[in-house]
Amino acid sequence: MAKKKRKYSRSASKEVGQEIHDYKRGKAKSGPGGKGGKVKSRKQAIAIGLSKARKKGKKVPRKKRL
């Protein structure tokens, strides 16, 4: 059986994991430079982690456009 290709890099997963870790402890902030309010949902924390990974140039698919 062929190996399935990863959609996200392992380092991107770590980035998201770190953001979730901060969110669970109430430390995650939204907005540029963390100047926004507290992150209120798990989905928001994941989105921020993926966004940070994208900015660092890690393998993360583009955002879906409507």
Quick one: Karplus J couplings for the stretch 45-60, per residue in order, coefficients 6.51, -1.76, 1.60, θ = phi - 60°, nearest Hz, x for Gly and Pro?
4, 5, 4, 5, x, 5, 4, 4, 5, 4, 5, 7, x, 7, 6, 9
Correct choice for semi-axes √(5λ) of the Cα gyration tensor in Å that was computed from the model, options (1) 24, 13, 10; (2) 27, 17, 6; (3) 29, 13, 9:
(1)
Given contacts defined as C-alpha pairs under 8 Å and at least six residues apart, what's the relative contact order of the stretch 10-55, whole-number percent?
46 percent
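No lab work stands behind these numbers, since they all come straight from the coordinates. Since we're looking at a predicted model, the values are computed, not measured.
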